[in-house]
Amino acid sequence: MPSSFKSRSAPPKASAMVEALRGLGYNTQTALADIIDNSIAAGANEVHIEFIWAEQDSRVLCLDNGSGMTADGLDRAMRLGDRSPLQERSAGDLGRFGLGLKTASFSQCRRMTVATRGSDGLQTLRWDLDFLANSADDGWHLLEGPHPGSEGFLERLASTTGTLVLWEELDRIVTPGTTVQDFLNLVDKVEQHLGMVFHRYLEGTRPRLRILLNGHPVRPWDPFMTDHPGKPYNPPVFKHPSRKDIEAECHVLPHKDMLSPADFECLAGPEGWTAQQGFYIYRNERLLVAGSWLGLGTGRSWTKDEAHRLARIRLDIPNSADADWKIDIRKSTARPPVYLRDWLTRLAEVTRGRARRAFAHRGKPTMLGNRQIAEAWKVERLSDGMRYRIDTEHPAIRAVLDDAGSLLPQLKAMLRVIEETVPVQRIWIDTAENKDTPCTGFDRTPSQEVSDIMMVMYRNMIERKGYSTSAAKDQLKQMEPFHAYPALISALPDSL
Ligand SMILES: Nc1ncnc2c1ncn2[C@@H]1O[C@H](COP(=O)(O)OP(=O)(O)OP(=O)(O)O)[C@@H](O)[C@H]1O
Ligand SMILES: [Mg+2]
């Protein structure tokens, strides 16, 4: 250090610093996910989380069967800022900042004890925020051993390697008025969140990880419903042209009409259908961001809306790109680097288009084989917006126009009136309010009524246009809205 620099030591006051770090914005779910990240990095394949209700003496503990830490390792693990975020990490490490264990724990409790059994046998250290607050010297007093009365918890590490994180004095979880029911509701939220964040670790017949929450295994939640037969599109994996370690899979989920009520409810996810659309960013297969358009867009940034709620894009990034993505300490935000924005925007545009169509058509096909289904409406895009026109080539409309004779001008006027008065705003508001498109395409119409209308078309094609019965049926199969009823078409009589 050149002597021309004058300096003084300026360490933070321990108590003030730690109290301030409590406000990083974790909740119980995200805090526990941060603790489990460490267990995974330590090679654990089983993590037990327990919520122990005892009013003001309630506790939360997290026990893993990872490799544990040495005495020196634990000492360093308890310190804030022992390891720089700039340091390179092994490929499977879910950490980055050297802070998560402490910041996540302090966000939920005033006393955090870590016991570990590694190659040096059982070691225990603890931070107690009340002890720091009551120390006159503002020092960083890392306490040794468990708090008197909590020794029993260490027995869980009696014979195996692993690490136990114990939260006591849960002042952010158990506040005045908190009931056992509130505590149990929180356990449900935690279960949902962990099932989502770690779903790729929990999936499969031989999962890499089991998380047991009060003894019950946490089930994985797959945001993409991989392999569901009702999905309009099953995507290939897209690799970035130059960054081969970045991969995307663009999923469009099945429309509600294609799902059982239980699947529909489950696929909605912890935050609901609209909130869970967009990119899902995984870092080393651990979910960081569960649905966001990442500030991307063509012109304006895309917002989450009903029409695109079926779009979910899986994006895999390695931990070596943390600085580029501006990962935060909580592992819950990530911002795409400039060099990826165009590529991501293109992927999102295509996926959003497909998702929009699936939503508008309520998941019904718009193609039969490689032939386009004849639609009754078309969209005309103008420089300053769009308008909706009846497609006069749709067979149901063409048939009437062809036979209209002197009524043709009146019929055309009628169609024009219908086109000019499409209740667009009304449909738009109703869709937003009901979170779904209004019923169309004979939804909720008795089959007999659909068959009767089909019969009019069928008879017209055979008797006036000279179609064979099989050709007429083929036509109906390619024509909106009858294409959604192939069984009713097949049941039409073969002779009239
Ligand atoms: N369950 C555990 N088993 C083994 N080692 C652990 C465990 N928890 C923490 N450690 C050790 O403690 C260190 C500090 O953990 P901490 O979560 O504070 O920071 P980090 O994981 O390195 O980075 P980040 O702040 O991004 O989480 C880890 O790097 C790891 O070496
Ligand atoms: Mg960590």
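Of the residues GLU50, GLU55, GLU88, GLU46, which single one is more than 7 Å from ligand 1 (Cβ to nearest atom) and at pLDDT below 95?
On the way: GLU50 fails: at pLDDT below 95; GLU55 fails: at pLDDT below 95; GLU46 fails: at pLDDT below 95.
None of the other options fit; the residue is GLU88.
Among the listed residues ASP245, ASP222, identify the single one that is free of Cβ contacts under 8 Å to residues at least 40 places away in the same chain and acidic (Asp, Glu). If you could, list the steps in order and put the result at the bottom.
On the way: ASP245 fails: free of Cβ contacts under 8 Å to residues at least 40 places away in the same chain.
None of the others qualify; the one that does is ASP222.
Suppose the filter is at pLDDT 85 or above, crowded, with 19+ Cβ neighbours inside 10 Å and of a type outside the set (S, T, N, Q); does ALA248 pass it?
Values: at pLDDT 85 or above: yes; crowded, with 19+ Cβ neighbours inside 10 Å: yes; of a type outside the set (S, T, N, Q): yes.
When the stated conditions are applied, ALA248 passes them.
What single numbered condition from (1) open to solvent by 30 Å² or more (accessible area, probe 1.4 Å); (2) within 13 Å of ligand 2 (Cβ to nearest atom); (3) in contact (Cβ under 8 Å) with a residue 60 or more places away in the chain; (4) more than 16 Å from THR161 (Cβ to Cβ) fails to hold for GLU88?
Failing condition for GLU88: (2).
Every residue in segment 303-316 that is assigned to a loop (DSSP other than H, G, I, E, B) and crowded, with 21+ Cβ neighbours inside 10 Å, please. Break it down stepwise before answering.
Step one: list which residues in segment 303-316 are assigned to a loop (DSSP other than H, G, I, E, B), which gives 303-305, 309-310.
Those that are assigned to a loop (DSSP other than H, G, I, E, B) and crowded, with 21+ Cβ neighbours inside 10 Å: ARG309, LEU310.
Would you be able to tell me the number of residues in segment 139-189 that are under 23 Å from PRO217 (Cα atoms) and assigned to a helix (DSSP H, G or I)?
Of the residues in segment 139-189, 15 are under 23 Å from PRO217 (Cα atoms) and assigned to a helix (DSSP H, G or I).
Determine whether segment 44-62 contains at least one residue that is surrounded by 15 or more Cβ atoms within 10 Å (Cβ to Cβ), of a type outside the set (A, V, I, L, M) and free of Cβ contacts under 8 Å to residues at least 40 places away in the same chain.
No, segment 44-62 has no match at all.
Taking the criterion of being surrounded by fewer than 15 Cβ atoms within 10 Å (Cβ to Cβ), acidic (Asp, Glu) and over 28 Å from VAL422 (Cβ atoms), would at least one residue in segment 457-466 satisfy it?
The answer is yes; a qualifying residue exists.
Quick one: would you say PHE97 is assigned to a loop (DSSP other than H, G, I, E, B), touching a residue at least 12 places away in the same chain (Cβ under 8 Å) and open to solvent by 30 Å² or more (accessible area, probe 1.4 Å)?
In short, yes.
Name the single residue that is farthest from HIS48 (Cα to Cα) among those in segment 201-216 being open to solvent by less than 30 Å² (accessible area, probe 1.4 Å) and touching a residue at least 60 places away in the same chain (Cβ under 8 Å).
In this case the residue turns out to be TYR201.
Residue by residue, here is whether (1) within 16 Å of ligand 1 (Cβ to nearest atom); (2) open to solvent by 50 Å² or more (accessible area, probe 1.4 Å); (3) touching a strand residue (DSSP E or B) at 6+ places or on another chain (Cβ under 8 Å) holds:
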{"position": "PRO11", "(1), (2), (3)": "no, yes, no"}
{"position": "ALA16", "(1), (2), (3)": "no, yes, no"}
{"position": "GLU19", "(1), (2), (3)": "no, yes, no"}
{"position": "LEU24", "(1), (2), (3)": "yes, yes, no"}
{"position": "ASP34", "(1), (2), (3)": "yes, no, no"}
{"position": "SER39", "(1), (2), (3)": "yes, no, yes"}
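Quick one: which of THR345, THR351 is of a type in the set (Ser, Thr, Tyr) and out of contact with any strand residue (DSSP E or B) (no Cβ under 9 Å at 6 or more places or on another chain)? Talk me through it step by step, then tell me what you get.
Details: THR351 fails: out of contact with any strand residue (DSSP E or B) (no Cβ under 9 Å at 6 or more places or on another chain).
After applying the criteria, what remains is THR345.
Residues that are β-branched (Val, Ile, Thr) and modelled with pLDDT under 85, at least 1 per element: which helices (runs of 4 or more DSSP H) completely within segment 384-468 meet that?
Working: elements: 395-402, 408-420, 424-434, 447-463.
Filter on segment 384-468 gives 424-434.
For segment 360-370, which positions are at pLDDT below 75 and either open to solvent by 60 Å² or more (accessible area, probe 1.4 Å) or not in a loop (DSSP other than H, G, I, E, B) (or both)?
Step one: of segment 360-370, the residues at pLDDT below 75 are 361-370.
If the condition is that a residue be at pLDDT below 75 and either open to solvent by 60 Å² or more (accessible area, probe 1.4 Å) or not in a loop (DSSP other than H, G, I, E, B) (or both), then PRO365, MET367, LEU368, GLY369, ASN370 are the ones that fit.
Look through segment 129-160, keep the residues that are out of contact with any Phe, Trp or Tyr (no Cβ under 9 Å at 6 or more places or on another chain) and crowded, with 20+ Cβ neighbours inside 10 Å, and return whichever of them is nearest to ALA77 (Cα to Cα).
Per the stated criteria, the residue is LEU157.
Please pick out the residue among ALA399, ALA472, ALA491, ALA432 that is under 23 Å from ILE373 (Cα atoms) and open to solvent by 30 Å² or more (accessible area, probe 1.4 Å).
Details: ALA399 fails: open to solvent by 30 Å² or more (accessible area, probe 1.4 Å); ALA472 fails: open to solvent by 30 Å² or more (accessible area, probe 1.4 Å); ALA432 fails: under 23 Å from ILE373 (Cα atoms).
Selected residue: ALA491, the only one of ALA399, ALA472, ALA491, ALA432 that is under 23 Å from ILE373 (Cα atoms) and open to solvent by 30 Å² or more (accessible area, probe 1.4 Å).
If you scan segment 48-85, which residues turn out to be in a loop (DSSP other than H, G, I, E, B) and within 16 Å of ligand 2 (Cβ to nearest atom)? Can you show your working first?
Initially, segment 48-85 is screened for residues in a loop (DSSP other than H, G, I, E, B), giving 53-54, 58, 65-70, 79-85.
Passing the criteria: GLY66, SER67, GLY68, MET69, ARG79, LEU80, GLY81, ASP82, ARG83, SER84, PRO85.
The values are calculated or read from the model by the stated rules, or taken from the named source; none is laboratory data. Only a predicted model underlies this, so the values are computations on that prediction, with no experimental measurement involved. Here the Cβ is made from the backbone with ideal geometry for all residues, glycine too, and neighbour counts use every protein chain on show. Calculation scope for accessible area: heavy atoms of the full protein, side chains included, ligands and nucleic acids excluded. Shrake-Rupley method; radii C 1.70, N 1.55, O 1.52, S 1.80 Å.
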